[in-house]
């Protein structure tokens, strides 16, 4: 691993200033960035560790919204009685990310900023119509994920929290790759103030909404409504774990299970 400068600011404003320097990278849980650095796939000149920024931690529920600080770990979301009561599917999803080590180090903000095409949290954010808060603005889920490992974040912009509207119903199903525990396909469904939403991860270059399945569920919220439903394999991933056609076939099956 190459040499780099290191800082651990205690405030968001200080972190944002440090992150604005060319060659600097923000460090959240480090579950993706540090691995990439070890493999020589990333070589930041400076790391800004967010672990000491207390304002980025915590969970609150008020006004029909669950708000989670960007540095809150997957394990803390999974263990939160407030999250489990308000959005059980979100707590369930967080509890099934990776393994114990990953859940105790990985953070929601880090996962979203990295936007791995097979990560779980992007599906929950898009599937619930959440809002990503940064030090500069609020970004709707539909506008946040822009491509393979790409988001709407500007250089040096810091995710501070994510707000999830509490739905009437929600569910999560994941068909995982057994070694990495990433999603070959993961589907998050919800029904609430934003209508019906079906978000898919693991199948494409980026998390996306399955509009055809949403239309069927809007008319009849039941697993039966998806019987015989199909999703096009065009543009989906093919790799050693599964073909595009295989992933396309999984999507309506997992969506039906999530609804159930």
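Observations, loosely collected:
- Rg/Rh for the chain (Cα atoms only, Rh after Kirkwood) is 0.97.
- Estimated inter-spin distance, residue 149 and residue 211, nm [label 7 Å along Cα→Cβ]: 2.9 nm
- If you bin all the Cα-Cα distances of region 1-54 at 5 Å, starting from zero, the percentages per bin are 4, 22, 31, 25, 13, 5, 0.
- Gyration tensor over alpha-carbon atoms, region 60-120, equivalent ellipsoid semi-axes in Å: 19, 13, 10
- Extent along principal axes [Cα atoms of region 109-251; Å; largest to smallest]: 45, 37, 25
- Pairwise centroid distance, computed over Cα atoms, of region 169-214 with region 83-114, Å: 15 Å
- Per-residue ellipticity at 222 nm computed for the chain from its helices equals -8000 deg cm²/dmol, with DSSP H segments shorter than 4 residues left out and the rest contributing -39,500 (n - 2.57).
- The chain, relative contact order in percent, only Cα pairs under 8 angstrom and at least six apart counted: 16 percent
- For region 169-259, the C-alpha radius of gyration divided by 2.2 N^0.38 Å, with N the number of residues, is 1.02.
- With the Kirkwood sum run over all distinct C-alpha pairs, region 52-159 has a hydrodynamic radius of 14.0 Å.
- With R₀ set to 22 Å, the beta-carbon distance separating residue 43 from residue 7 gives a calculated FRET efficiency near 0.80.
- Two-decimal log10 I(q)/I(0) for region 137-216, as the Debye equation yields it once each C-alpha is a single scatterer, q = 0.20 Å⁻¹: -1.09
- Of all DSSP-defined beta bridges confined to the chain, some 85% are antiparallel rather than parallel.
- Going from the fewest other Cβ atoms within 10 Å to the most, the residues 4, 164 appear in the order 4, 164.
- With Cα atoms as the point set, region 1-127 shows a radius of gyration and Dmax of 15.2, 47 Å.
- Net lengthening on full extension, residue 218/residue 234 (0.36 nm per residue, minus Cα-Cα): 3.4 nm
- Most fluctuating residue given options 126, 217, 41, as computed from a GNM of the chain linking Cα atoms under 10 Å: 41
- In percent, rounded to a whole number, the relative contact order of region 169-259 is 30, using alpha-carbon pairs under 8 Å and six or more apart.
FYI, it's all coordinate maths here, none of it is from the lab. Computed from a predicted model, the values in this text were never measured in an experiment. All Cβ positions, glycine included, derive from the backbone under ideal geometry; neighbour counts span all protein chains shown.
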